[in-house]
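The values are calculated or read from the model by the stated rules, or taken from the named source; none is laboratory data. All values derive from a computational prediction rather than experimental measurement. Cβ placement follows ideal geometry from the backbone for every residue including glycine, while neighbour counts extend to all protein chains displayed. To get the accessible areas, we keep the full protein, side chains included, count just its heavy atoms, and leave off ligands, DNA and RNA. Shrake-Rupley method; radii C 1.70, N 1.55, O 1.52, S 1.80 Å.
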Amino acid sequence: MNPYALSILLSSLAVGTITTLSSSHWFLAWVGLEINTLAMIPLMTKMHHPRSTESATKYLLTQATASALILFSTIMNAGATGEWTIITMNDNSSTFMLTVALAIKLGIAPFHLWLPDVMQGLSLTTCLILTTWQKLAPMSLMIMTSHQLNTNLLITMAVLSAVIGGWGGLNQTQIRKMMAYSSIAHLGWMTLVLSFSPNLTTLNLMIYLMLTSSMFLMMTTLNSTNINKLSTSWLKTPLLASSMMVTLMALGGLPPTSGFLPKWLILQEMTKQHLGAVSTLMAMSALLSLFFYLRLSYAISLTTAPNTSNSNMTWRMTHNQMQILPTMIMLTTMMLPITPTLLAMLN
């Protein structure tokens, strides 16, 4: 892609997200979401492949439906209350429609079906943008309106997302689809605690962004899109492969990695709210996700490809342009000891 066109598209993505984040008026927030969507479509179609065109079409249709629902719900709310500000969503039907629209935007179950198919047709860099940056604007709107959203609806969608996100990734061989189901499961955890503690949702979102970014940056460095390609990574870069294993364990929520922190705090908050059954179901669904993370770890470390070279020296990747990757890996693994500091910052 032309670097000038790429810079304009990335700038538009940034402007759209910042517009939504900084707005207090619904129309301005909707405009920011639209700028975001329109800037994302050309990035999706830059591969000039039928799969990428299909992905861009599916993405456009789902996001357009969600945007229309957002606009319709805010107009209904303005008609009922006379207010356009984001924090005054007092009409029940418009609040329900807004929750559904933002769930479609984010890919929360049961409105998740577009996300794995769209990600399968994209490049790894575009997948990184879709699973990280594109979550910021809709999730910020959910956090801003969290005190007015229907708690039972959010808990139902959260449990569905965690179960479907774990169940859907079990039989996959394509890593992009696995990361899509991983994203659905993590969004379920964020949605679960949204009504009770928006600060915990923000913390979970920050850690999810770090984990997913480091995972996609490592996949881009290794140029791996399926399990077969990933199985040769240990011979190329053992250090990066072992770092990917730790990142996968962090995505699964194992201590002492950073991924354990939000799950622990969310389960603690849910037991405080006397929702023991929901907490148990979420913890069990996390085991489903952990299974396919372990499957990937097994493919990286224990499934060594046959080395047919006559030389004793195995080929190594010499150039690493991902200067930010070591920092991301450190944040993925080392944030658990500073839990009190993070909580104090959010409160």
(message) Quick query: amide H of residue 109 versus all other amide H atoms, modeled in the peptide plane; which residues come in under 5 Å with a sequence gap of 5 or more or a different chain?
(response) 161
(message) Taking all protein chains in place and a 1.4 Å probe, what share, in percent, of the accessible surface of segment 1-123 do carbon and sulfur account for?
(response) 71 percent
(request) Of the listed values (i) 58, 51, 37; (ii) 77, 50, 35; (iii) 67, 51, 35, grab the one calculated as Cα extents along the principal axes in Å from the structure here. (result) (ii)
(message) Given points 7 Å out from each Cα along the Cα-Cβ axis, report the residue 27 to residue 301 separation in nanometres with one decimal.
(response) 5.7 nm
(message) Please compute the modelled spin-label separation between residue 242 and residue 344, points set 7 Å along Cα→Cβ, answer in nm with one decimal.
(response) 3.4 nm
(request) Averaging sequence separations of C-alpha pairs under 8 Å and six or more residues apart, then dividing by the length of segment 230-283, give the relative contact order as a whole percent. (result) 15 percent
(request) Would you please give the residues with an amide H less than 5 Å from that of residue 275, counting only those at least 5 places away or on a separate chain, with H modeled from the backbone geometry? (result) none
(request) State in Å² the accessible area per residue of segment 1-123; use a 1.4 Å probe, count heavy atoms of protein chains only, and round to the nearest integer. (result) 44 Å²
(message) Pick from 165, 107, 79 the residue whose mean-square fluctuation is largest in a GNM of the chain, springs joining Cα atoms under 10 Å.
(response) 79
(message) At 0.36 nm per residue, and after removing the present C-alpha to C-alpha distance, how many nm does the segment from residue 268 to residue 96 gain when stretched out fully?
(response) 59.2 nm
(request) Work out which helices of the chain, taken as complete DSSP H runs, extend at least 20 Å along their axis over the Cα atoms and score a mean Kyte-Doolittle of -1.0 or more, then list them. (result) 3-22, 26-44, 50-81, 92-106, 151-168, 175-192, 198-222, 238-252, 276-301
(message) Sequence gap at least 6, Cα distance under 8 Å: using those rules, report the relative contact order of the chain to the nearest whole percent.
(response) 15 percent
(message) Probe radius 1.4 Å, ligands and nucleic acids left out: which of 176, 51 has the largest accessible area, and how do the rest follow?
(response) 51, 176
(message) Can you tell me which aspartates and glutamates have their Cα less than 17 Å from the Cα of residue 105? Leave out same-chain residues fewer than eight positions away.
(response) 34, 117
(request) Of the options 40, 343, 231, report the single residue whose Cα projects farthest towards the positive end of the charge dipole of the chain (beta-carbon charges: Lys, Arg +1; Asp, Glu -1). (result) 231
(message) Taking the alpha-carbon distance from residue 46 and a cut-off under 16 Å, which lysines remain once sequence neighbours fewer than 8 residues away in the same chain are dropped?
(response) 58
(request) Give me the distance in nm between label points sitting 7 Å out from Cα along the Cα-to-Cβ direction at residue 324 and residue 170, one decimal. (result) 3.6 nm
(request) Please build a GNM for the chain, connecting alpha carbons under 10 Å apart, and tell me which residue among 197, 231, 22 fluctuates the most. (result) 22
(request) Work out the FRET efficiency for residue 87 and residue 153 from their Cβ-Cβ distance, taking R0 = 25 Å, and round it to the nearest 0.05. (result) 0.85
(message) If the only charges are +1 at each Lys and Arg Cβ and -1 at each Asp and Glu Cβ, what is the size of the charge dipole of the chain around the Cα centre, to the nearest 20 debye?
(response) 840 debye
(message) I'd like the FRET efficiency for residue 80 and residue 226, computed as 1/(1 + (r/R0)^6) with the beta carbon distance as r and R0 of 51 Å, rounded to 0.05.
(response) 0.50
